[in-house]
1. Out of all the residues in region 131-145, which are under 20 Å from Asn84 (Cα atoms) and either open to solvent by 40 Å² or more (accessible area, probe 1.4 Å) or in a loop (DSSP other than H, G, I, E, B) (or both)?
2. Taking only region 184-206 into account, find how many residues are open to solvent by 30 Å² or more (accessible area, probe 1.4 Å) and assigned to a helix (DSSP H, G or I).
3. Starting from region 207-230, take each residue that is outside any helix (DSSP H, G or I) and list its partners that are open to solvent by 60 Å² or more (accessible area, probe 1.4 Å), counting only C-beta distances under 8 angstrom and pairs at least six apart or across chains.
4. When both residues are 6+ apart or on different chains and their Cβ atoms are under 6 Å apart, which pairs have a first residue that lies in region 17-41 and is within 20 Å of Val215 (Cα to Cα), and a second that is part of a strand (DSSP E or B) and modelled with pLDDT under 95?
5. Could you tell me which residue of region 146-183 is nearest to the chain's Cα centre (by Cα), considering only residues that are among the aliphatic types (A, V, I, L, M) and assigned to a strand (DSSP E or B)?
6. Tally up the residues in region 209-234 that are surrounded by 15 or more Cβ atoms within 10 Å (Cβ to Cβ) and under 17 Å from Thr182 (Cα atoms), please.
7. Are there any pairs, at least 6 apart or on different chains, whose C-beta atoms fall under 7 Å, with the first in region 233-259 and at pLDDT 75 or above and the second surrounded by fewer than 18 Cβ atoms within 10 Å (Cβ to Cβ) and part of a helix (DSSP H, G or I), and if so, which?
8. Determine the pairs where a residue that is closer than 15 Å to Ile28 by Cα and without any contact (Cβ under 8 Å) to a residue 24 or more places away in the chain, located within region 177-191, has a partner that is open to solvent by 100 Å² or more (accessible area, probe 1.4 Å) and not in a helix (DSSP H, G or I) with Cβ atoms under 9 Å apart, the partner being 6 or more residues away or on another chain.
Amino acid sequence: MRTHTFFIGILCLLFNSSALANKIAIVIDDIGYKTTDQKMLALDAPLTFAVLPHTPMGYEYAYLAAQKQRDVIIHLPMQADTNNHLLGAGALMSQMNKLEYQTTLLSALEDIPFAVGINNHMGSKLTRMDKPMGWTMELLRQHNMFFLDSKTTKQSRVADVASEFGVETLERSVFLDHYKSTKSIRIQMKRLIKLAKKNGQAVAIGHPYPETYEVLKQLLPQLKHLGIELVPLSDLVEAESRRLEIARKVKEKDAQDSE
């Protein structure tokens with residue numbers, strides 16, 4: 001009996017360890033403006049692509065990513081404390097009323113229909129505010145989507161407000177390319193791996209810079225040997241039903257294109 005109990009305990013330990021062991025998700029922000037973004041899409045790895053809504057190539061690249069069974073999220077422009085002239089089209093602002101705010105958000109969801117979630121583009125001001133975050137989570141819950149907090153402010157209210165609405169959230173662990181040098185990006189990749197081994201999982205955000213592309217191209221094939229599994233972002237949340245919905249939309253688009 002003791003032997004049986006011992007082996008059951010070992011099996012449970014192995015199961016729990018494998019379920020949480022050393023997983024990373026890498027999100028590539030700012031997809032949609034440049035033809036060079038396609039280089040990231042061409043990498044043979046389950047990267048997650050954060051697509052800016054209402055951009056010249058946003059819909060096309062989101063569709064291409066979804067076709068390849070890559071996770072797509074909407075890189076949603078949100079008001080920051082400074083430099084709001086850089087937000088781009090479809091930005092969510094604190095002075096909007098609920099109707100204006102949710103209409104703008106819905107427009108982004110309609111523009112990128114292959115998305116399983118969203119993350120904030122900038123947003124150091126808006127993510128500190130309960131009311132607009134509540135309006136955001138209300139719609140995300142209705143669309144079975146999650147929120148990746150880019151953590152552009154330490155005072156972010158995203159996780160707390162999302163919890164009130166039953167919306168799944170994740171937080172960015174590492175920015176890969178705040179400094180655009182291959183040396184710095186390699187250091188951040190090492191930090192990402194260290195965090196994953198410590199906590200079981202970690203999330204990085206990078207951009208479609210040439211330097212980031214080169215480092216990822218070199219290092220991604222080595223992850224398995226380092227005991228690290230690169231996974232789609234949605235693998236770190238409960239998002240299976242949304243993935244099935246995206247697969248359906250891709251099939252519908254493929255069927256339309258073949259007519």
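1. Answer for region 131-145, where residues must be under 20 Å from Asn84 (Cα atoms) and either open to solvent by 40 Å² or more (accessible area, probe 1.4 Å) or in a loop (DSSP other than H, G, I, E, B) (or both): just Lys131.
2. 10
3. Filtered contacts from region 207-230: Pro208/Lys34; Pro208/Thr36; Pro208/Lys39; Tyr209/Lys180; Leu223/Glu229; Gly227/Lys197; Ile228/Lys197.
4. Lys23/Gln201
5. For region 146-183, the residue satisfying everything is Leu148.
6. Residues in region 209-234 being surrounded by 15 or more Cβ atoms within 10 Å (Cβ to Cβ) and under 17 Å from Thr182 (Cα atoms): 9 in total.
7. Partner pairs satisfying both residue conditions: Ser234/Arg243; Val250/Gln67.
8. Gln188/His178; Gln188/Tyr179
The values are calculated or read from the model by the stated rules, or taken from the named source; none is laboratory data. Here the structure is a predicted model, which is why all the values come from computation and not from measurement. With ideal geometry, Cβ positions are generated from the backbone for all residues, glycine too; neighbour counts draw on all protein chains shown. These accessible areas exclude ligands, DNA and RNA; they are computed on the full protein's heavy atoms, side chains included. Shrake-Rupley method; radii C 1.70, N 1.55, O 1.52, S 1.80 Å.
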